[in-house]
Amino acid sequence: MFAVIKTGGKQYSVSAGDIITVMALDGAPGDKVTFDEVLMIGGDSPKIGAPTVAGASVSAEIVQQARSAKSIAFKKRRRQNSKRKRGHRQDLTLVKILAI
């Protein structure tokens, strides 16, 4: 059995026991979270929501709060001695899916 959930503006296909990386969620490692926006439940008898499946939720546990690798935005204008370098690291949360 699997489910398609929506969090942080993105959709994830998950099943029990999966560890996924999502946009930053509030909480400490070990805290329980519930995803209520379930778009689809697959398996023997799939249920597709319009837009969400009524009464469905996915429970999960926060494993770790992390940050992504640094992405660098470098802009240079030729022959004008003008350049700009910026770095960015996105806050992420590792989540382990417990039950659907």
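Annotations
To keep it simple, each residue is scored yes or no on (1) outside any loop (DSSP other than H, G, I, E, B); (2) out of contact with any helix residue (DSSP H, G or I) (no Cβ under 6 Å at 6 or more places or on another chain); (3) touching a residue at least 60 places away in the same chain (Cβ under 8 Å); (4) of a type in the set (Asp, Glu).
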position	(1), (2), (3), (4)
GLY17	no, yes, yes, no
ASP26	no, yes, no, yes
VAL33	yes, yes, yes, no
LEU39	yes, yes, no, no
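- One residue stands out among those in the range 41-60 that are assigned to a strand (DSSP E or B) and of a type in the set (Val, Ile, Thr): the one that is farthest from LEU94 (Cα to Cα), which is ILE48.
- Count of residues meeting criterion [in a strand (DSSP E or B), polar (S, T, N, Q) and under 27 Å from THR7 (Cβ atoms)] in the range 66-100: 2
- Look at (1) closer than 20 Å to MET1 by Cβ; (2) part of a strand (DSSP E or B) and you find that VAL63 fails only one, number (1).
- Considering residues of the range 52-64 that are among the hydrophobic types (A, V, I, L, M, F, W, C) and within 17 Å of VAL22 (Cα to Cα) only, the residue surrounded by the most Cβ atoms within 10 Å (Cβ to Cβ): ALA60
- Any hit, the range 36-49, residues being of a type in the set (A, V, I, L, M, F, W, C) and more than 11 Å from ALA3 (Cα to Cα): no
- In the range 1-38, the residues that are over 12 Å from the mean Cα position of the chain (by Cα) and under 19 Å from ALA50 (Cα atoms): PHE2, ALA3, ASP36, GLU37, VAL38
- The set of residues in the range 41-51 being surrounded by 13 or more Cβ atoms within 10 Å (Cβ to Cβ) and either in contact (Cβ under 8 Å) with a residue 24 or more places away in the chain or of a type in the set (A, V, I, L, M, F, W, C) (or both) consists of ILE41, GLY42.
- Criterion: farther than 20 Å from ILE97 by Cβ, surrounded by 10 or more Cβ atoms within 10 Å (Cβ to Cβ) and not polar (S, T, N, Q) - qualifying residue of ARG67, ARG79: ARG67
Just so you know, all these numbers are worked out from the coordinates, no wet-lab data involved. Remember, predicted model here, so these are calculated numbers, not experimental data. Note that we place each Cβ from the backbone using ideal geometry, even for glycine, and neighbour counts take in every protein chain shown.
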